[in-house]
Amino acid sequence: MTDTNDIIYASAKTMARAIQDKQVSAVELVDAHLARIEEVNPTINAVVQLAAERARAEAVEADAALARGESKGALHGVPFTLKDSIDTEGVITTGGTLGRKDYMPDADATVAARLRAAGGILLGKSNTPELTLAAETDNLVYGRTNNPFNVERTTGGSSGGAGAIVTCGGAAFDIGSDTGGSVRYPAHFCGIAGLKPNSGRVPRTGHIVPHSMGAVDSLTQNGPMARYVEDLAMILPIISGPDWSDPFIVPVPLGDPADVDLSSLRVCFYTDNGIGTPTPETIAAVRAAVEALADTGCSIEEDVPSIIAENPEISNKLSGGDGREWTKRALEKWGTTESFPYLVQRIAKASEFEVPVGGFTEMLEHVDSFRSTMLGFMQNYDVIICPVAAFPAQPHGESLEDRNQPGMSYTATYNITGWPSTVVRGGTSPEGLPIGVQAVARPWREDVSLAVAQYLEGVLGGWQKPPI
C-alpha cells in the first residue's frame, strides 16, 4: 500500500496510476485529502464548501468498479476541487456573491461534468472573489483566503482558493478561470502550475462569467491548476472541445507536448514590459528560465512588442467601457444587494472608463489592430518567456490598489490576444515566496507552452511544499 501521507503531494497522474495498480484505494486517497483540508483550511480558508459524504460514496463506488475490472477514465478515483464560480450539481456554488450564498445548481458545468465522467471525485469548492472580479480572493460570503507560504500575503485572484489548496496537497488539481490573469496570478503566488488555454478551447458553460459575453467573450477561459505540468497536459484534453452550448468553442485538434522538439523552437523573452518593472528576483527567474532553455539548443532573442504598452488602456476600456453594466446586471440577476467594497468601488469608478457606443466600436477596432500587431510579432517566434507579475505575493489588499496595477499587467496581454500561456514556478523571493514564469505560445499551441513549462519545471524545480 502506498503511504497516503506522501501520495497527496504526488501528481494526479501518479495518483491515477496508483489506484489502477491497487497500490492505494480511492477511499484512502479521498480520506487523505479530506484530512489535509481539515488540517490546513482553518489557516488558509481555501475550501469553502465540502462534498465529503458524496466524495466518500463515489470513492467506494470507484473501488468496487475497479474490482470488477471497470474504469471510468483517466481520472478514476482522483480527488479534486473546483473554483466556486463553476456550477456543481448538488453543491452550493456562490461565485463569491451574497445573492447566491444558498444557490444549489441542478446541473454540473461542462468542465465539472467532464471531469466527473472521467472518474474524478469532487471534494468541494475553492474560494473566489465576488463574480471572480478581483486579484485578491476575498468576499462577503466566506471571507479571505491566505497564502500557504505566508498567511499575511495574498493568494492572488480570482482562483486564489484553488491555488492555495492545491499547493497544500488538499486537492490533486482544480479548475480556475482566467479573464486577466486569474489562473496565472494564483499559480505564481502559490508556486504551482497553471494553464490559460487558447480562447475557444474549453467551454465556459456553467461558469458565473458565462459564454456569450459579446465584445469581451474571448477574454475568459477555464483552465487547469495543479502542482505538476504533466497534470495540466492530462486534464486539458478531458475538458476541451465543443459542448453544443458555448458558441465560441472550436474543435481544433490538441497537440501532444511530448512531440514538441524544444531544440527547434524560436524563443523570445522579456523581463520588463515597460509598464511595471519587476523585482530583481523576478527578472532573475525569467533569465534562469531562458538560460535553461538555451541548453536545449533552441534559438533565443530578447525582444518585447512595443504595442504591449497599450495593454492597460485596452483592458480598462474592455472591462469598464460599458459603465460596468454587465456587473450590475449580474448582481441584479442573483439578487445581490450588498457587495464586496472593491466591487462597489469598481462600479462607482465606471465613469472613468465608460465610452459612448461610437467610442466603444472604435475601441473594438483598436483591439483587433492590437491583436493583428501581436500576431505579426509572433510570426518570428514559437514561444515567449516573461514574468507573471512584477512581484511575488503581496500583503493582503495591495493587489487591489491602483498603484500596483502596472505590476500586474504581464498576463492581460495574452487574454486580449487569446493565446495559451502556462505558468510554472521558476524562483523564490527573499521572503521565501514563490516566483513563477510564464511560457506563452502561438495560437492553439498549448502543446508548445506545456512542453516548455514542463522542461523548466524539471530544471528549475517547480512546486515546493509550503510550510504549513
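The values are calculated or read from the model by the stated rules, or taken from the named source; none is laboratory data. Since the structure is predicted, the reported quantities are computational estimates derived from the model, not experimental observations. For neighbour counting, all protein chains shown are included, and Cβ atoms are generated from backbone atoms with ideal geometry for every residue, glycine included. Ligands, DNA and RNA are excluded from the accessible area calculation, which covers all protein heavy atoms including side chains. Shrake-Rupley method; radii C 1.70, N 1.55, O 1.52, S 1.80 Å.
Cβ-Cβ contacts under 7 Å between residues 6 or more apart (or on different chains), taken from a first residue in segment 251-264 that is more than 14 Å from ARG442 (Cα to Cα) to a second residue that is surrounded by fewer than 16 Cβ atoms within 10 Å (Cβ to Cβ) and small (Gly, Ala, Ser), are listed as SER263/GLY297. Among the residues of segment 327-336, those identified as part of a loop (DSSP other than H, G, I, E, B) and over 25 Å from the mean Cα position of the chain (by Cα) are GLY335, THR336. Being of a type in the set (Lys, Arg), over 22 Å from ASN198 (Cβ atoms) and modelled with pLDDT of 95 or more holds for only one residue in ARG287, ARG266, and it is ARG287.
Determine whether LEU318 is among the hydrophobic types (A, V, I, L, M, F, W, C) and open to solvent by 60 Å² or more (accessible area, probe 1.4 Å).
Answer is no for this residue.
Can you spot a residue in segment 379-386 that is of a type in the set (Val, Ile, Thr) and over 16 Å from ALA412 (Cβ atoms)? Scanning segment 379-386, I find at least one residue that is of a type in the set (Val, Ile, Thr) and over 16 Å from ALA412 (Cβ atoms), so the answer is yes.
Yes/no matrix, rows are residues, columns are (1) closer than 30 Å to GLY73 by Cα; (2) touching a residue at least 12 places away in the same chain (Cβ under 8 Å); (3) in contact with a helix residue (DSSP H, G or I) (Cβ under 6 Å, 6 or more places away or on another chain):
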position: TRP244; (1), (2), (3): yes, no, no
position: PRO280; (1), (2), (3): no, no, no
position: ALA292; (1), (2), (3): no, yes, yes
position: ALA309; (1), (2), (3): no, yes, no
position: SER319; (1), (2), (3): no, yes, no
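Only a single item in (1) part of a loop (DSSP other than H, G, I, E, B); (2) among the hydroxyl-bearing types (Ser, Thr, Tyr); (3) surrounded by 24 or more Cβ atoms within 10 Å (Cβ to Cβ) is not met by TYR414, and it is number (1). Applying the condition of being surrounded by 18 or more Cβ atoms within 10 Å (Cβ to Cβ) and out of contact with any Phe, Trp or Tyr (no Cβ under 8 Å at 6 or more places or on another chain) to segment 255-269 and asking which residue is nearest to SER409 (Cα to Cα) yields PHE269. Every listed requirement among (1) out of contact with any strand residue (DSSP E or B) (no Cβ under 6 Å at 6 or more places or on another chain); (2) open to solvent by less than 10 Å² (accessible area, probe 1.4 Å) is met by GLY397 save one, (2).
Residues of segment 337-390 that are out of contact with any Ser or Thr (no Cβ under 9 Å at 6 or more places or on another chain), of a type outside the set (Gly, Ala, Ser), in a helix (DSSP H, G or I) and free of Cβ contacts under 8 Å to residues at least 40 places away in the same chain: PRO341, VAL344, GLN345, GLU352, VAL357, THR361, GLU362, GLU365, ASP368. Of the set (1) at pLDDT 95 or above; (2) buried (at least 16 other Cβ atoms within 10 Å of the Cβ), all apply to PHE248 but (2). Set side by side, the residues ILE235, ILE208, ILE239, ILE249 differ, and just one is of a type in the set (A, V, I, L, M, F, W, C), under 23 Å from PHE80 (Cβ atoms) and over 17 Å from the mean Cα position of the chain (by Cα), which is ILE249.
When both residues are 6+ apart or on different chains and their Cβ atoms are under 6 Å apart, which pairs have a first residue that lies in segment 122-145 and is surrounded by fewer than 24 Cβ atoms within 10 Å (Cβ to Cβ), and a second that is among the charged types (D, E, K, R)? From segment 122-145, the pairs are VAL141/LYS101; ARG144/ASP138.
The combined condition, being modelled with pLDDT under 95, among the hydroxyl-bearing types (Ser, Thr, Tyr) and open to solvent by 60 Å² or more (accessible area, probe 1.4 Å), is not fulfilled by THR373.
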